[in-house]
Amino acid sequence: GGGHTSLSEALSLLSRGTALNMDDENMLRLSTACAAGKAVESAAVTLAHLTGRSTRGALPTIEQCAKCVADADALPLRFDAVAAIRPVAEAGGAGGAGGGGPQRHP
């Protein structure tokens, strides 16, 4: 099918599997992805909030945004919060080599 599962969908699958006492390799992978996903989601929300503020507070670095996007891309999940910081990360990672590099879309 199309895009990735959202974090909330994955968490819902995990809780259903737990309720059914499913304890296999897939459940283990799902629980690992959910744990990592929650960390990525909270980092993305924080970074998006900080980049959206034009105060003289501490703006996140492009490296922080890029790391968060990379962490998100490494997981088989879809993160709505990451969409807000992806342009920042890509602008920083383009390295001035012309048109922003190849787009990866599975």
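What do you get when you divide the Cα radius of gyration of the stretch 3-81 by 2.2 N^0.38 Å, with N the number of residues?
On the way: Rg = 15.0 Å, N = 79, 2.2 N^0.38 = 11.6 Å.
Output field value: 1.30.
Take each of the peptides 8-17, 41-50, average the number of other beta-carbon atoms within 10 Å over its residues, and list them starting from the highest. Write out the running numbers ahead of the final one.
Numbers: 8-17: 14.8, 41-50: 18.2.
Those peptides, ordered most packed to least, come out 41-50, 8-17.
All of the numbers you see were taken from the coordinates with simple rules; none came from a lab. Please read all numbers here as calculations on a predicted model, not as lab measurements. Don't worry about glycine lacking a Cβ; one is built from the backbone with ideal geometry, like all the others, and counts go over all protein chains shown.
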